[in-house]
Amino acid sequence: MVAKTTIVRYATACLIVCCFVFSGNQVFAQRDAVPTDPEIISQGEQLFNEYQCNTCHRVESKLVGPALAGVYDRRDIDWIYKWVKNSQALIASGDAQANALFNEYNKTIMAAYDLEDSQIMSILAYVRDREENPPVADTAAAATGDADAAGGGTGVPASYLNIIVGALVVVLLLILAVLALIIGVLKRYLQDKKDLDEADEDVVNESFSLMAFFKSPTVIGIITFLVIALAAKNVIDGLYTIGVQQGYQPKQPIAFSHKIHAGQYEIACQYCHTGVEIGKSANIPSVNICMNCHSSIKTDSPEIQKLYAAQDSGEPIEWVRIHNLPDLAYFNHSQHVKVGEIECQTCHGEIQEMEVVKQHAPLTMGWCIDCHRNTSLNTQGNGYYDKLVELHNKNSATPMKVADIGGLECAKCHY
């Protein structure tokens, strides 16, 4: 009896080991099926960003949906194809994995994507590359340098200007002290001389009167001039700020936090502002975009209830516009974001850190012109610029700026 029990246990152990080894081989076979070709990885990254996958997924951690790292180890590749193309159909078919995943993530509906198997595989290649070669976090210094290179710099920092002004004041005080010392030495020298006439003695022995100094016509004239100059400067500065709304931070009808959405959850700006890469305007997101997530996330929040009310009424949410340009100025978001590859933060500030959005930049003509003068063009891989780069390099050793291709012409923005 003991022998039989031993044999059964041994057989059971062997069966478990065999199953484990078999499943392990299947895991590695699936990972090995995911390509590592750089071109395919690049295509996958482009699709990952184009279809806004990062709105709900991270490679390394959970977000709205599960972490994607190792998904080819956890799921069958053919199952992944079906899930990405139509997750609801897979759930409706009674698939156990699909229903378990759907219930685990609060029945959040994943959109269906019209993608080929090869395109989905390229996304998996990108995920594998990110998993096996995680990106190195940029340092703050590098981020600052990138912002300056993209035209986001604002010139000499205010702290440097304060140091310069302070140094000039110190130099002025030193000059005054030296002059006072020289005058004192000369007066003592002249007082020791015995052959001075009466007029010279009056000058040497003249006492200084502070009241007489301030009542002198010269001092009165200087003070009057300075007062008029400061008043004129304030008037001119006030005229220059007409129409400038830098710092404008209105209260919105729904307390939407960019710090949570764009910061904590790293939702791409393009997911909500759908026109930013394809048109002049970035577009204010519709209720439908909000409901993509909030049909199942934080449904009991009073602010989210306002979304439901807007959806039921069919009326758009009356968001308060923050960034305004005069009608005489033309600005195209797609030209700057898609072609120029300018980051949103360059003009809108650290939007991912704002609870309530405010206007970061002055959006004045001078501000735009400075950006065009300082921003270098990324011409790599764009045949449109080949001849322009060739002509520019013949006459200049500096990188080609926006200003070099007509970025300062009046008709570019005013026509």
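The values are calculated or read from the model by the stated rules, or taken from the named source; none is laboratory data. It should be emphasised that the depicted structure is a prediction, and the values quoted were computed from it without experimental measurement. FYI the Cβ positions are ideal-geometry reconstructions off the backbone, even for glycines, and counts take in every protein chain you see.
Each residue in segment 1-59 was checked for being loosely packed, with under 14 Cβ neighbours inside 10 Å, modelled with pLDDT under 80 and not in a helix (DSSP H, G or I), and 1 of them qualify. For the residues Thr379, Thr375, the requirement of being surrounded by 16 or more Cβ atoms within 10 Å (Cβ to Cβ), modelled with pLDDT under 90 and in contact with a helix residue (DSSP H, G or I) (Cβ under 7 Å, 6 or more places away or on another chain) singles out Thr379. Apart from one condition, Thr224 fits all of (1) over 30 Å from Pro326 (Cα atoms); (2) modelled with pLDDT under 90; the exception is (2). Of all the numbered requirements in (1) in contact (Cβ under 8 Å) with a residue 60 or more places away in the chain; (2) buried (at least 18 other Cβ atoms within 10 Å of the Cβ), Leu328 misses one, and that requirement is (2). If you check Lys358, Lys338 for being under 25 Å from His294 (Cβ atoms) and basic (Lys, Arg), only one passes: Lys358.
Filtered by the rule that a residue be in contact (Cβ under 8 Å) with a residue 40 or more places away in the chain and over 20 Å from Glu132 (Cβ atoms), segment 50-62 gives Tyr51, Gln52, Thr55, Cys56.
This table checks each residue for (1) within 28 Å of Lys298 (Cβ to Cβ); (2) of a type outside the set (A, V, I, L, M, F, W, C); (3) touching a Ser or Thr at 6+ places or on another chain (Cβ under 7 Å).
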{"residue": "Leu68", "(1), (2), (3)": "yes, no, no"}
{"residue": "Arg74", "(1), (2), (3)": "yes, yes, no"}
{"residue": "Tyr81", "(1), (2), (3)": "no, yes, no"}
{"residue": "Gln88", "(1), (2), (3)": "yes, yes, no"}
{"residue": "Asn99", "(1), (2), (3)": "yes, yes, no"}
{"residue": "Asn106", "(1), (2), (3)": "yes, yes, yes"}
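Of all residue pairs spaced 6 or more apart or on separate chains, those with beta-carbon atoms under 6 Å, a first member in segment 238-261 that is more than 16 Å from Gly349 (Cα to Cα) and a second member that is acidic (Asp, Glu) and surrounded by 13 or more Cβ atoms within 10 Å (Cβ to Cβ) are Ile254/Glu303; Ala255/Glu303.
Collect the residues in segment 83-100 that are free of Cβ contacts under 8 Å to residues at least 12 places away in the same chain, in contact with a helix residue (DSSP H, G or I) (Cβ under 7 Å, 6 or more places away or on another chain) and surrounded by fewer than 16 Cβ atoms within 10 Å (Cβ to Cβ), keeping them in residue-number order. Asn99 - this is the single residue of segment 83-100 that is free of Cβ contacts under 8 Å to residues at least 12 places away in the same chain, in contact with a helix residue (DSSP H, G or I) (Cβ under 7 Å, 6 or more places away or on another chain) and surrounded by fewer than 16 Cβ atoms within 10 Å (Cβ to Cβ). Can you pull out every residue in segment 87-113 that is part of a loop (DSSP other than H, G, I, E, B), more than 30 Å from the chain's Cα centre (by Cα) and modelled with pLDDT of 85 or more? Across segment 87-113, the qualifying residues are Ser93, Gly94, Asp95.
Which numbered condition trips up Glu343, out of (1) in contact with a helix residue (DSSP H, G or I) (Cβ under 8 Å, 6 or more places away or on another chain); (2) free of Cβ contacts under 8 Å to residues at least 40 places away in the same chain; (3) acidic (Asp, Glu)? Of (1) in contact with a helix residue (DSSP H, G or I) (Cβ under 8 Å, 6 or more places away or on another chain); (2) free of Cβ contacts under 8 Å to residues at least 40 places away in the same chain; (3) acidic (Asp, Glu), only one is false for Glu343: (2). Kindly establish whether Ile260 is within 17 Å of Gln352 (Cα to Cα), out of contact with any helix residue (DSSP H, G or I) (no Cβ under 7 Å at 6 or more places or on another chain), assigned to a helix (DSSP H, G or I) and among the hydrophobic types (A, V, I, L, M, F, W, C). Considered against the rule, which asks whether it is within 17 Å of Gln352 (Cα to Cα), out of contact with any helix residue (DSSP H, G or I) (no Cβ under 7 Å at 6 or more places or on another chain), assigned to a helix (DSSP H, G or I) and among the hydrophobic types (A, V, I, L, M, F, W, C), Ile260 comes out as yes.
Of all residues in segment 108-122, those that are within 14 Å of His57 (Cβ to Cβ) and in contact with a helix residue (DSSP H, G or I) (Cβ under 6 Å, 6 or more places away or on another chain) total 3.
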